[in-house]
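Beneath this line is the structure, given in structure tokens, with notes to follow.
The values are calculated or read from the model by the stated rules, or taken from the named source; none is laboratory data. Keep in mind that this is a model prediction, so the values were computed, not measured. Here the Cβ positions follow ideal geometry from the backbone for every residue, glycine too, while neighbour counts run over all protein chains shown.
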Amino acid sequence: MARAVGVGKLAALVVGCGDQQGLPPPSSEEEALAALTAGLEAWKNGEEADVLTRRDPPIHFKDFAWRGGEQLENYEIGSTMERYGQALIASVKLTLKKPGAPAVQKNMRYQIDTSPTAIVIVPGDAPSGQ
């Protein structure tokens with residue numbers, strides 16, 4: 001009998017969880033590519049890192065190299081994206097230049113979510129010196 005009561009409580013708990021929103025839909029590859037490209041183009045054109053949040057719809061693009069003042073001279077987005085849960089991962093080859101230093105190439109992986117709003121981050125990215 002105790003086992004039946006335990007199963008009943010478990011069933012009630014599972015049913016009670018049905019009220020929640022659940023996961024957002026999987027990120028759209030088209031929207032992810034558009035958000036990533038918009039961010040990289042803004043960076044390449046010398047715009048401030050926060051300019052994308054003022055767009056409609058906003059794009060939240062977090063890359064500490066951009067925020068740290070590195071210039072993006074060029075970029076090349078890989079031909080495919082990998083699914084990572086509801087997000088997508090894009091490989092990008094960046095050509096970056098720090099003031100007073102030669103340009104360097106850097107391979108980056110950006111994680112992109114498109115629902116409910118576009119978010120582009122570098123997983124594990126931290127400000128320089130940390």
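For the stretch 38-55, check the following and say yes or no: at least one residue is part of a strand (DSSP E or B), closer than 21 Å to PRO24 by Cβ and touching a residue at least 12 places away in the same chain (Cβ under 8 Å).
Looking through the stretch 38-55, none of the residues is part of a strand (DSSP E or B), closer than 21 Å to PRO24 by Cβ and touching a residue at least 12 places away in the same chain (Cβ under 8 Å).
Among the candidates GLN105, GLN111, the residue that is modelled with pLDDT of 95 or more, closer than 16 Å to THR37 by Cα and surrounded by 11 or more Cβ atoms within 10 Å (Cβ to Cβ) is uniquely GLN111.
Checked across the stretch 68-79, the condition of being surrounded by 11 or more Cβ atoms within 10 Å (Cβ to Cβ), farther than 16 Å from THR114 by Cβ and without any contact (Cβ under 8 Å) to a residue 24 or more places away in the chain holds for at least one residue.
Each row is one residue, and each column tells you yes or no for (1) at pLDDT below 90; (2) farther than 20 Å from ASP125 by Cα; (3) basic (Lys, Arg); (4) touching a His at 6+ places or on another chain (Cβ under 7 Å).
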{"site": "VAL15", "(1), (2), (3), (4)": "yes, yes, no, no"}
{"site": "PRO26", "(1), (2), (3), (4)": "no, yes, no, no"}
{"site": "GLU29", "(1), (2), (3), (4)": "no, yes, no, no"}
{"site": "LEU36", "(1), (2), (3), (4)": "no, no, no, no"}
{"site": "PRO58", "(1), (2), (3), (4)": "no, yes, no, no"}
{"site": "TYR75", "(1), (2), (3), (4)": "no, no, no, no"}
{"site": "LEU88", "(1), (2), (3), (4)": "no, no, no, no"}
{"site": "THR95", "(1), (2), (3), (4)": "no, no, no, no"}
{"site": "GLY100", "(1), (2), (3), (4)": "no, yes, no, no"}
